[in-house]
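Working notes, beginning with the structure itself.
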Amino acid sequence: MQKPIITPEQAVAKIKTGMTLMIGGFLSAGSPNKILKALAESDIHDLTIICNDTAFPDKGIGLLIAGKKVKKVITSHIGTNPLTVEQFNNKETEVIFTPQGTLAEQVRCGGSGLGGVLTPTGLGTVVANGKQIITLDGKEYLLEKALRGDIALIGASIGDTVGNLYYKGTTQNFNPLMAMACDVVIAEVEELVPAGDIRMENVHTQGVVVDFMVR
């Protein structure tokens, strides 16, 4: 079935204040940057963002931070964006730091119908504060609960008209996982091609989970 092709502004119209968004990419590579720019220019605020990083002040997710649209961010690092650091230190934005591999697994669990993942990463550190520790076969693990979002905003190199997506190189970062872990998926694609032009073995995200596409 053909997927609706919408503008960045129409994509933003589907987002409401207070929502939880999963945003793909790594330092804006593989991020849906046109949608994020339109979102930064909107009146939407108090967002919870789940992402690998908060990019730079003038790019991608960083525009949301600069516009003070974000009340909480679950991420693996913020070091490239001094505005995130400043807002965190001033208690304007809550930041939950999560080891990158753990974050990926939490999102994967959210998309797979699992309750969470057991990992030794973070034991004995502040990462473990307030979390359940489970002993299995004589070893201790942290229980990291699954993560899901209201809307996934993802960026793809190529998309076909039925929503199948292909990501070049490292732009895959978090995008395929997040596309599985949200109720609504909006994909911004660099190139739109007819159905069938992406070889089956090159489809990283199946069209069945994609709801809307932005060129």
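Observations, loosely collected:
- Carbon plus sulfur fraction of accessible area for the chain, probe 1.4 Å, in percent: 53 percent
- Tensor-based shape of the chain (alpha-carbon gyration tensor, a/c under 1.5 rounded, otherwise prolate or oblate): oblate
- Taking all protein chains as they are arranged and a probe of 1.4 Å, the heavy atoms of His204 leave approximately 60 Å² accessible to solvent.
- Straight-distance candidates among the aspartates and glutamates for linking to Lys131, with alpha-carbon spacing under 19 Å and chain neighbours fewer than 8 residues away dropped: Glu94, Glu105, Glu140, Glu144.
- With each label modelled as a point 7 angstrom along the Cα→C-beta vector, the Val203-Phe97 pair spans 4.1 nm.
- The stretch between Asp43 and Lys145, if pulled fully straight at 0.36 nm per residue, gains 33.6 nm over its current Cα-Cα span.
- About its Cα centre, region 109-215 has a charge dipole of approximately 320 debye under the convention of +1 per Lys or Arg Cβ and -1 per Asp or Glu Cβ, with nothing else charged.
- Per residue solvent-accessible surface (Å²) - the chain, probe of 1.4 Å: 47 Å²
- All other residues whose Cβ lies under 12 angstrom from that of Gly207 are scored, Lys and Arg at +1 and Asp and Glu at -1, for a net of -1.
- Dipole check for the chain: with +1 at the C-beta of Lys and Arg, -1 at the C-beta of Asp and Glu, and the Cα centre as origin, the magnitude is about 220 Debye.
- Unit charges on C-beta of K, R, D, E only; dipole of region 33-118, Debye: 120 debye
- Listed pairs Lys14/Lys69; Lys14/Lys168; Lys16/Lys37 exceeding 25 Å between Cα atoms: Lys14/Lys168
- Cα gyration tensor shape of region 89-145, rounded if a/c is under 1.5, else prolate or oblate by comparing a/b with b/c: oblate
- Rounded FRET efficiency, nearest 0.05, which uses the C-beta distance separating Met19 from His77 and R0 of 25 Å: 0.60
- For Leu165, solvent-accessible area (1.4 Å; no DNA, RNA or ligand), Å²: 0 Å²
- Relative contact order (%) - criterion: Cα under 8 Å, at least six apart; region: the chain: 24 percent
- The chain: angle of helix 100-112 to the longest principal axis, Cα-based, in degrees nearest 10: 60 degrees
The values are calculated or read from the model by the stated rules, or taken from the named source; none is laboratory data. Keep in mind that this is a model prediction, so the values were computed, not measured. Note: ideal-geometry Cβ built from the backbone for every residue, glycine included; neighbour counts use all protein chains shown. Side chains are part of the model used for accessible areas, which takes the heavy atoms of the whole protein and leaves out ligands, DNA and RNA. Shrake-Rupley method; radii C 1.70, N 1.55, O 1.52, S 1.80 Å.
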